[in-house]
Structures are given as C-alpha cells and as structure tokens.
C-alpha cells in the first residue's frame, strides 16, 4: 500500500514514512492509494473475531508492505493491553433501536486512546527497526494530548510535545497531561485557542528546523493517517455485534476535527453498509454549517461545556473533500489554496455524495445539559457533554424506529463541573485513573502565542 498527498497524487510514500511524518510537504494530508472493499460474505466471515483480531484483519492492508501479518497481530495485541475492557469498546443499549458505543475504556478515559495506543506501539516498532529517535508533536483541545502522552511516554526513544490552549481545557484534562512525571513529556500551555495551537503544529511540520532535525517528528493529531484508519475498526465491530437487530445502520458522532466522522466514511468506503453519519456539534458549529448549508468557513471559537469540540477548522474535512473530488489532487489543491480567506462550497455534482451520507445538528450548552438530565431520567445512563450532542442529534434527526449508535467519546467523570449542574454530585463515581492524579505535582510551561518561541522551546528541548 502506497500513500499520496491530497494535494499531489504523484507523491508516493510508504506507511512508515506517513506514520513518521506530519503533513505532506505541500501541506496536504496523506491518504492510501486504495482501500480494500469487503464483500457481504467477507463481512460475515469477520463476525467471529474479537476486537484485536478484527483490527489486525481490517488494518493489515495499510501496513502489509512493511509489517507481516503475525508481527502486526502482536503489535495490535500489545497496544490494547492497557484497556480495562477485554473487548476494548463496550456497547450499551439505551432504549429500543438506540445504542451507546463506549469508547472510553482506555488509560485516559477518552476515545482517543483506541487509536493512540496503536499509534504509539507502531511508533516504537519503527523506531527500533530504524534505530531512530522520534518526537510526537500535537495540538489538543482536551483529550488528544493525554492520550498521546499515555501511549508514547513509556518508550524511551520517543519524546512527546503537546500544545494545548492556555486555561481552555478542563482541570482534569490538564492534569492528565501535566502529572506524568515522565522526562520525555513536554506539556506546552500556549496563550491562544485550539485553532491557534493546531495552526502552529501544521506550520512546524513544514519548518526547516523541524523537518531537518535528526529526531523524526510525527503528528499526534488525527491528521496522522494511522489515527483515522484505526478508528474505522469500531464501526465494523459494532455492525458485526448488532447486525441481527438493526433497522438500518446510522452512527451519531460528536465531532470537532472531523477525524472520528471521517473514519466512519472510510468504513463505508470499505464496504460497511452505513446509511447515515450524523455529525453532532456544540455551538462551534462549523461542521453543521458545512453539512446543512454547503458552506465551510472558519469562524470564531467560543468556550463550551464540550471543550474537545471547540474548533473552527476541521482539518480532516480535507480528506473527505479529496474523496468527493474523486481523489483529484489538482482540484483539491486549487480549492484549499484560498481557504481560510475564502469559504468553500462544494460543486453540486460532488456535494451530492456527501448529502447522501451526512446529516448534522448543533447543541448549545443549555441543550447539552438538558440532554444529560433527560437521558439519566429515562435510561439511568450518564452522558458526558460531548456524547450528549450525539444523543440529541440522533433524537432530533432520526425516527425512533431506525437504528442509531452514538459514539460515547469520554467518561463523564472527566466533565463533572458540567454534569453537577444537572445531576447530583455523587451520580458519577471517579475512576482510579483520575483519583491517582489529584494530588500529583504538575509540570508544564506557559508559552506566548508566538511560533518562534514555541519552535525555540521544542528544538532546545530535543537537542
């Protein structure tokens, strides 16, 4: 399997080059040259596999030129040792034709663990194979940073640099990043919003001081293909567990950077019979405006009760746009060259493909809280604020007789300040992972909204 840039299809890279990199040199995102499409018969054959076996079966196509099947199976099994649930993820039935897929049973209690733990194990594999040092560089609006740190800090030849918006993540999210006491972890609190952090990371991956460094810098964000491909697996797992009960197949996704929702599109492209993907947003509704108005436009970010979705530029939309343009990198490059100065509206003949799959729905903070309260009263289940947007989108957009699975992206205990506004303080039990960090000393550095200062800190820390 070779990989190309969304903005230059003549560029060819191997999986390890894509994994151990960030953006393509032209600023595009890496994509596989082709995907295997599973037939109905092949899907049926996957039904008996456990989650680890299913992951190896679906994803080996993307690494097969460099990792043999048995080695990849070992890597996958090693990656998921840290999950408290043997199936990695967990299905909960809320009511008739409504399910929750809990994706937060990893070490940091967020869905990012599912992809990040595999990414970390893959990084260690190639670092050892190539005898090189790796630096993970990423921006986070909350959970990506702690997931990257958890996945990579145990490897001595991997450094981790995470940029997060100063005073714009929850206390728990911050402490998960700043209390590891690991010497190879660098938590950078940057005096900007998430979009500012993400823009810096993208610029740094095109920076000579980073590109030419002896240490290989890789992307922790969902701009890294390994994140997207790994997230596609739990769509398959869910379908295979529920296929006898389903009336259609609809997934509702709390979405910020669009990597999670794009993974659903990828699963559909690989043959999974997904009817619709619901893109749920908070009041930072750039994706809702995209799918409801065919208008992709950068806006201002406001702080909400669902901070991981406080984003105004959804980087992985470029991957979907590339697919909508029939993988035409020239057309994609032309379209993206004027963004964000100019909004993007997808021409009708291409847009229909997105309209046939995606629906969207936004929720305000008050609506998020009301959904948490309603779901607890009717189903005795506690949603975190992000998952609340997904449950509400399903209720508002889809008739009760159709099957909807909402992705639960974080354990509710990570957002107790929000939940306490509508439920009793003792409604959620604090998991041991969070109790353990309460009194630990924090270690982080506050940096100005200045890429030169951020670059200077990173380069001086790595050398």
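The values are calculated or read from the model by the stated rules, or taken from the named source; none is laboratory data. It should be emphasised that the depicted structure is a prediction, and the values quoted were computed from it without experimental measurement. Here the Cβ positions follow ideal geometry from the backbone for every residue, glycine too, while neighbour counts run over all protein chains shown.
A compact table of results
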{"read-out": "Helices (runs of 4 or more DSSP H) (entirely within the stretch 173-256) containing at least 3 residues that are more than 30 Å from residue 392 (Cβ to Cβ) and either in contact with a strand residue (DSSP E or B) (Cβ under 9 Å, 6 or more places away or on another chain) or without any contact (Cβ under 8 Å) to a residue 12 or more places away in the chain (or both)", "value": "194-204, 208-211"}
{"read-out": "Which numbered condition residue 460 misses (of (1) under 28 Å from residue 199 (Cα atoms); (2) in contact (Cβ under 8 Å) with a residue 60 or more places away in the chain; (3) part of a helix (DSSP H, G or I))", "value": "(2)"}
{"read-out": "Subset tally (residues that are surrounded by fewer than 24 Cβ atoms within 10 Å (Cβ to Cβ), touching a strand residue (DSSP E or B) at 6+ places or on another chain (Cβ under 7 Å) and closer than 28 Å to residue 419 by Cα) for the stretch 130-172", "value": "1"}
{"read-out": "Meets criteria (touching a strand residue (DSSP E or B) at 6+ places or on another chain (Cβ under 8 Å), surrounded by fewer than 17 Cβ atoms within 10 Å (Cβ to Cβ) and at pLDDT 95 or above) for residue 406", "value": "no"}
{"read-out": "Residue 124 vs. criteria within 23 Å of residue 271 (Cβ to Cβ) and over 20 Å from the mean Cα position of the chain (by Cα)", "value": "no"}
{"read-out": "Subset of the stretch 338-350 (residues that are in contact with a helix residue (DSSP H, G or I) (Cβ under 7 Å, 6 or more places away or on another chain) and part of a helix (DSSP H, G or I))", "value": "350"}
{"read-out": "Residue in the stretch 95-108 that is touching a helix residue (DSSP H, G or I) at 6+ places or on another chain (Cβ under 7 Å), part of a loop (DSSP other than H, G, I, E, B), in contact (Cβ under 8 Å) with a residue 60 or more places away in the chain and at positive phi present", "value": "no"}
{"read-out": "Subset of the stretch 3-27 [at pLDDT below 95 and part of a loop (DSSP other than H, G, I, E, B)]", "value": "20, 21, 22, 23, 24, 25, 26, 27"}
{"read-out": "Selection status of residue 451, crowded, with 19+ Cβ neighbours inside 10 Å, within 26 Å of the chain's Cα centre (by Cα), in contact (Cβ under 8 Å) with a residue 40 or more places away in the chain and farther than 14 Å from residue 98 by Cβ", "value": "no"}
{"read-out": "Residue 326 being touching a strand residue (DSSP E or B) at 6+ places or on another chain (Cβ under 9 Å) and part of a loop (DSSP other than H, G, I, E, B)", "value": "no"}
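For (1) assigned to a helix (DSSP H, G or I); (2) more than 21 Å from the chain's Cα centre (by Cα); (3) touching a residue at least 40 places away in the same chain (Cβ under 8 Å); (4) surrounded by 17 or more Cβ atoms within 10 Å (Cβ to Cβ), each residue gets a yes or a no:
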| site | (1), (2), (3), (4) |
| --- | --- |
| 34 | no, yes, no, no |
| 38 | no, yes, yes, yes |
| 41 | yes, yes, no, no |
| 44 | yes, yes, no, no |
| 47 | no, yes, yes, no |
| 54 | yes, no, yes, yes |
| 61 | yes, no, yes, no |
| 67 | no, yes, yes, yes |
| 72 | yes, yes, no, yes |
